[in-house]
Every structure is written in structure tokens, then in C-alpha cells.
Ligand code: 8QM
């Protein structure tokens, strides 16, 4: 792929800031997904902010600028959408999320409710169930030996715990991953991935809309818990279904790709798998490091609410800014040996879950799933070997694999 960088001539005189480097990289193209790291390095090295000519948006790929944009939600808003589409100019493909695509003060109430639904106290209630399911899954896979780590573990495990934790009916669950695929493709530009996904989305949208209704959510689950907050007045009854929709949008495919990332890391770096077997209490950090290393959620946009300076460059109002979370998570300005998967690394500060007021509200569920699966692999003394062709899955926002054939056996 071409990673050409050009720059308009420097201003000859006066106090104008240097112009933003233009890059002709398309970060939503298949050849970008196939060969990510040279292009991400080019984006970081081109400047603290770049202009992506293919989609007419600004981009930030260095850790400092990604972190700064995430932590200035007044200037870099979410209410105009966190995909390429500007909700001020284009009708959103679905009613906007009441949390992801909202700014304070509207965001504050909905965020508080989901924080309580997914709180540490709730994690304590579900932990034993999630751990038992992880151990049962690993035991099953050890009996089979030759498996696909994506379908049989990264998808199968979350599907065995998350829909039940939500309180969903059995029927129609096959729509969940399909729906999430649409959601994450829809953040991207109007390329083939996005257009095809939205074209085929109607049955998945119909399923999700129906399951968000109070009558379809089992008592005790996250979904019923959200509706219960409308009784106490923190949210209106009409807001509850859309907040359930947020968990159905963001709660499954993310952990599928997080777990897929972790298994792919442990398969490629057997010395790290050996360290994990020797010390299963490293499971939680091994998962966190996989989230940094692979960054399952690769990118998000913000929209500027005013003229603003980034790294010495002036950006006008109403501009889309693409944040490269995955590139920031491998920025050598921030990380020692960023391309090394190290299960004892100090991972804090990575932006794989975002940062600031929008930082992943489901992060405790994600970490719980990651921890109990990796701990089960470690405690069973598992060794992982790739034994077939690794196939990538293409999505405008999510990074992960379609297929990861492995042998899983006692070390
Ligand atoms: C991505 O619908 C939503 O509220 C929502 C959808 C997708 C995400 C988050 C929230 C970041 C994981």
C-alpha cells in the first residue's frame, strides 16, 4: 500500500502555524487492516496531527494527542457522532446512543445509570458464574484439542455468559454478533464495509429493538436492572430501551475480539503463555496487555466544537478528528518496546478502553471475562499452538480474526 506523505509549502513569513501534513493513507481499507503497523508508524511520524485526504478528516495517532482529545470532551464532542458521519449534517443510521453519542449534561445521567448496572458490586454477584463457565469451556476444548480459537472460544465463551447476564430470551441470539458487526462498521466511512452492513441490518435492528423492551428482559439481568432505574426516576422510561441497546451494541463483539486478541497473543508468544501457567494470577494483566497490544477497538472520531490548537496546528470548528487508539497504544514516545507482548507490563494509561468521561463503562465485565478465561487456561496448564491458516476479520472499527486454528493441550 502507499503511505505517501506530502505537505503544503511552509508559510514564508508571518506567525501562521505550519500547515498540517496531508497523508494519503486510508485507515478503513483492507490493505491497511492487512498491514497495520507500518501505516500506523507513518501516521505517528507524519506529525502530531495529520489530515487524511481520502476522507477529509484530521487524525491523531500519537499517544499524547489521542489522550488529550479524549480528555477534552467540551472541545471534542461526541454528540455529533463518534463515526465519520456528522449528525449535524447527516441523519444517523439509527437513533443516537444516549451514552456514546452524548455530551454532558445529557451524558452524565445515562453514564451514572450504566456505571451502577455494571458496578464492582454487580461483578461480585456474577463472578462465580462467569468463572465456572470459563473452566467448563476450557475443559471442553481440551477434550477436543483441535479447535478454532475464534468460533469455539472467543465467541463461544461470551455467548455462554453475556446474553444470560443481560437477561435475554434464548430465541434470536444469533442476531447479536451480526448487529454488533453493523454498529462497528457504521462508525466508518461510507465504504463497502459500511454500506453492505447497513443494507442488511434490518432484521438485526428489529431483533434488538424488540429485546430492549422491559417485558422481554428476565428479572435480575443487566437489562431489567436498567429498566429498574426508570422507576427511581434517574432516567425516563423511554430512555431505558436505548440504554439496553447500548449494552447489546457494545457488550459482546468487543469481548469477543478482546478474548481473540489474548489467545492470539498467547499463541504467538509461548514464553508469555509459560509465564502465565507459572503464575495464573497474571491472567488479568495478560488480558489487559492484549487489549493494549491488539486494541480491538481501533479508532473513534470526535467533532470539534470550536477552533482549537493540537500540537501547534489550528483546527477549525465542526471538523471530524479521527483518534487512532491502536497507534497510540504502540507509540514508542509512551511505551518501552511497544511491539512486545509482555504480560507483566505496567499497562495503565493504555487507551484501548478509551480515557476520560466516555471510558468504557463495561470495562469491569470485559476484564472479568478476560481474567477468568486466561486463568482457566493457566490453571489447566494449557499450551497453545497455531496449526492452520490465520484469517483476519474486516471491520471499520474492530480489529480481530475470523479464524485462528489452534491445538490446545497440556504443556
Ligand atoms: C463501542 O450503542 C452504544 O452506546 C455503544 C456502541 C458501541 C460502543 C459503545 C457504546 C465502544 C465500544
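The values are calculated or read from the model by the stated rules, or taken from the named source; none is laboratory data. Owing to the predicted nature of the structure, the values given are computational and were not obtained by experimental measurement. Because the Cβ atoms are built from the backbone with ideal geometry, glycine has one as well, and the counts that use them run over all protein chains shown.
Of all residues in segment 91-114, those that are in a loop (DSSP other than H, G, I, E, B) and farther than 18 Å from residue 205 by Cβ total 5.
The number of residues in segment 354-384 that are closer than 24 Å to residue 160 by Cβ and in a strand (DSSP E or B) comes to 3. Can we say residue 147 is outside any helix (DSSP H, G or I), modelled with pLDDT of 95 or more and either in contact with a helix residue (DSSP H, G or I) (Cβ under 6 Å, 6 or more places away or on another chain) or surrounded by 14 or more Cβ atoms within 10 Å (Cβ to Cβ) (or both)? Yes: the conditions hold for residue 147.
Taking segment 199-224 as the range and being surrounded by fewer than 21 Cβ atoms within 10 Å (Cβ to Cβ), touching a residue at least 40 places away in the same chain (Cβ under 8 Å) and more than 16 Å from the ligand (Cβ to nearest atom) as the test, the residues that pass are 216, 218, 219, 220, 221, 224. Can you spot a residue in segment 49-66 that is within 16 Å of the ligand (Cβ to nearest atom), under 25 Å from residue 360 (Cα atoms) and surrounded by 19 or more Cβ atoms within 10 Å (Cβ to Cβ)? Within segment 49-66 (the criterion being within 16 Å of the ligand (Cβ to nearest atom), under 25 Å from residue 360 (Cα atoms) and surrounded by 19 or more Cβ atoms within 10 Å (Cβ to Cβ)), the answer is yes, since at least one residue qualifies. Only one of these is farther than 30 Å from residue 165 by Cα, touching a helix residue (DSSP H, G or I) at 6+ places or on another chain (Cβ under 9 Å) and part of a loop (DSSP other than H, G, I, E, B): 340, 306, 302. Name it. The unique qualifying residue is 340. Taken over segment 92-107, the criterion of being without any contact (Cβ under 8 Å) to a residue 40 or more places away in the chain and either under 28 Å from residue 372 (Cα atoms) or more than 15 Å from the ligand (Cβ to nearest atom) (or both) is satisfied by 105 alone. For segment 180-196, filtered to residues that are part of a helix (DSSP H, G or I) and surrounded by fewer than 22 Cβ atoms within 10 Å (Cβ to Cβ), the residue that is farthest from the ligand (Cβ to nearest atom) is 192.
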